[in-house]
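What follows is calculated from the coordinates using simple rules that are stated; it is not laboratory data. Because the structure is a prediction, the values reported are computed rather than measured. All Cβ positions, even for glycine, are placed from backbone atoms using ideal geometry, and neighbour counts span all protein chains on display.
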Amino acid sequence: MELTCEAPRIIKDGSHEGVIIGVEYREKPYKYMDLVIEFDKIKLKAGFPQTLMKESKLGKLMERFGVDVQEGMQYNPEKIFIGQKCKFTTVREGKFANIISESVKKEI
């Protein structure tokens, strides 16, 4: 495999708009669900603990996307999020930009 060296991409702090193109799950060091968001030909991830309750980060995210989160109900994050346009805020930490997870919301 050959890799091509690319110019660095500078993502400015502030508000952005994009599309959720994927949902990924990770187990280590904790169980998290990541939204893969694409904007300006760049992909970033926003992580949320997999705990789903009305008041958890994931529950609040789902409600920002119009889902009525109810105890005992099951939800499919891929069906809820993939293809949705969204708004979010980034902050740079060193050379890398991070999405503030609480800022991710459905673009209306």
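Charge dipole of the chain (Cα centre as origin; +1 on each Lys and Arg Cβ, -1 on each Asp and Glu Cβ, all else neutral): 160 debye, rounded to the nearest 20. In a fully extended conformation the segment linking residue 68 and residue 3 would gain 18.9 nm over its present Cα-Cα distance, using 0.36 nm per residue.
Which one, 3, 39, 80, is farthest towards the positive end of the dipole of the chain when Lys and Arg carry +1 and Asp and Glu -1 on their Cβ? So the residue furthest toward the plus end is 39. Note on the chain: along the principal axes its Cα atoms extend 49, 33, 25 Å, ordered by decreasing extent. As a rough guide to protection, the peptides 53-62, 39-48 ranked by mean Cβ packing within 10 Å, highest first, stand as 53-62, 39-48.
Alpha carbon centre of the stretch 47-66 versus the stretch 71-108: separation in Å? A separation of 10 Å, based on Cα centres.
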